[in-house]
Amino acid sequence: TSSGKMGYALAEAARDRGAQVVLVTGPTNLPDPVGVEIRKIKTAIQMKAAVSDAVQGADLLVAAAAVSDYRPRHEEAKKIKKAGRESLTVELERNPDILAEVNGSFLKVGFAAETEDLIKNATKKLKEKNLVLVAANDVTQPKSGFAVDTNRVTLINASGKIEELPLMTKLEVAHIIYDRIVPLLKAGTEVAHRPQSGTPSVRLMRARVTAGDFGHVGGGIFAYLQEPSRVLDINETMGRVKEILKENGLYTQNISSFCYQL
Ligand code: C5P
């Protein structure tokens, strides 16, 4: 099972680049990220429904959930008694493959946790699920994969380019994935989804600021650029945020240091 850390890091990295983010998540022990719309679900069926809804008008779907491939066919209303039973058979049925089945005018990125034939198996998933990029990781490696803060992944894109990344934090992995995707998105969004209004706005909100999340930023004011349907380059985002804050007389040293830290 996964801890949700990679998915949360992906949501936070996209938010920090100015994207409007919907995070669909199963139960985790992680704090809710600020500035992200969160939809909590428990089953694969619910996740598929929530994802199908969230991708309406979206430019990108990134799937990092380790969804179980099967679920019990029947749910017992009561505790199963062990008396007189030496073994028990639970019938399982297939769960939907969410990433493969949810399609539309958005790009798809997936993860592939593999124990053997990393490149071959990940490439197969990329093709079968119609992805633009797959992040493959060998989960037999220490410090990589489930429940830890770090990951060592190999990126494979749709033209077969293979990029082996060193061990790094999941947040860094998320940013590198967006670095690779943003050029594709910009080309795609020309025809697909343009933001409704041409003027971006800055949203200011009180944030729960902890050292681990954003570093110490004094006042705890959190600013981010709202420009629906577009993942912006980080420098572009920060430049625009600062400009808008200045125009509105809201620019302060705190915000500047915060922008710098992103
Ligand atoms: O399970 P598998 O290795 O095929 O997972 C590859 C990708 O597909 C991952 O991005 C995972 O989040 C996604 N997936 C899914 N629904 C499933 C199983 C996997 O969306 N039922």
Straight-line reach check, residue 120, cutoff 15 Å on alpha carbons, 8 or more apart in-chain or any other chain, hits among aspartates and glutamates -> 128, 138, 163, 164
With a 19 Å threshold on alpha-carbon distance, the violating pairs from 108/161; 40/170; 108/143 are 40/170; 108/143
Each label sits 7 Å from Cα toward the beta-carbon; between residue 130 and residue 39 the label points are separated, in nm, by 1.9 nm
Quick tally, 1.4 Å probe accessible area for 180, 94, 15, sorted with the most first, runs 94, 180, 15
Measuring from its Cα centre, the range 95-185 shows a charge dipole (+1 at each Lys and Arg Cβ, -1 at each Asp and Glu Cβ) which, in debye to the nearest 20, is 180 debye
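At a Förster distance of 35 Å, what's the computed FRET efficiency of residue 69 paired with residue 164, Cβ-Cβ distance as r, to 0.05?
My answer for the efficiency is 0.80.
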So for R0 = 45 Å, FRET eff. of residue 79-residue 121 from the Cβ-Cβ r, to 0.05, ends up at 0.70
Quick calc, the range 1-96, dipole around Cα centre from Cβ unit charges on Lys, Arg (+) and Asp, Glu (-), nearest 20 debye, gives 500 debye
For residue 159, the accessible surface traced by a 1.4 Å probe with all protein chains present amounts, in square angstrom to the nearest 10, to 110 Å²
Of the candidates 102, 58, 158, the farthest towards the positive dipole end of the range 35-164 (Lys/Arg Cβ +1, Asp/Glu Cβ -1, centred on the Cα centre) is 102
Cross-link reach from residue 48 to aspartates and glutamates, straight Cα distance under 15 Å and at least 8 residues apart if same chain, gives 69, 97, 101
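The values are calculated or read from the model by the stated rules, or taken from the named source; none is laboratory data. Quick caveat, the model's predicted, so the values are computed rather than measured. Counting neighbours? That spans all protein chains shown, and the Cβs are built from the backbone with ideal geometry, glycine included. Accessible surface is based on the protein model in full, side chains and every heavy atom, while ligands, DNA and RNA are left aside. Shrake-Rupley method; radii C 1.70, N 1.55, O 1.52, S 1.80 Å.
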